[in-house]
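Here is the structure we will look at, set down as structure tokens.
The values are calculated or read from the model by the stated rules, or taken from the named source; none is laboratory data. None of the values given here were measured: they were computed from a predicted structure. Cβ coordinates were reconstructed from backbone atoms using ideal geometry, including for glycine residues, and neighbour counts include every protein chain displayed.
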Amino acid sequence: GVTTVYVTHDQVEAMTMGHRVAVLSNGKLQQCASPRELYDNPVNQFVAGFIGSPAMNLQTAPLTDGGATLAGTVIPLAAPVRAAAARDQLSEIVLGIRPEHLHLATDGRYPDTAGQDGAGAGAGAAELTGEVLLVEELGADALLHVRLAGGDPVVTRAEGRKPPAPGVRVTFRVDPADVFAFHPVTGARLAG
């Protein structure tokens, strides 16, 4: 029943021990919330990139009708995000996708995730392709470093027993509900 303030640079300690976590950058409070709220609803690009291991993939992407283009694929954006980008007269945004939200296709199918039947991309989902550059085998999981078609590398989490080898082309499903959008200058999360 004793209130304790614990200071750490180790996010695993903070997320597992804290009921409320304050994220600071250069001595300024960025966000103070429960660990789950920090993970699910980061207020800016700094918090999004700091919370989670491995870090969220952050990629600058030009805006198009209905979404943003990443690796030649239009990622649908929610109406409030599109409205915020239009209000700020943005031509590009920073997209954020957590490694665990890039769902690897195996033999044209996707693992059963978020209530999907596993038989392909869900409604509104986008597909990204790329080449595996590096595989970090961690036992139950593997981290794949993948260069997206025409883009920068991203990191994704995959099943560790049979990860794709370097040089292999892979496809991912991205659910628009799992995509974050940030202002390219201020870093603030875009929302209505």
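Quick notes on this structure:
- Taking region 159-168 as the range and being modelled with pLDDT of 90 or more and either farther than 11 Å from L134 by Cα or surrounded by 15 or more Cβ atoms within 10 Å (Cβ to Cβ) (or both) as the test, the residues that pass are P163, P164.
- Any hit, region 1-20, residues being farther than 27 Å from P176 by Cβ, touching a strand residue (DSSP E or B) at 6+ places or on another chain (Cβ under 9 Å), of a type in the set (A, V, I, L, M) and modelled with pLDDT of 95 or more: no
- Being out of contact with any helix residue (DSSP H, G or I) (no Cβ under 6 Å at 6 or more places or on another chain) and either modelled with pLDDT of 95 or more or crowded, with 18+ Cβ neighbours inside 10 Å (or both) is a property that L133 has.
- Hits in region 40-60 - residues which are part of a helix (DSSP H, G or I) and in contact with a strand residue (DSSP E or B) (Cβ under 8 Å, 6 or more places away or on another chain): Q45, F46, V47, A48, G49, F50
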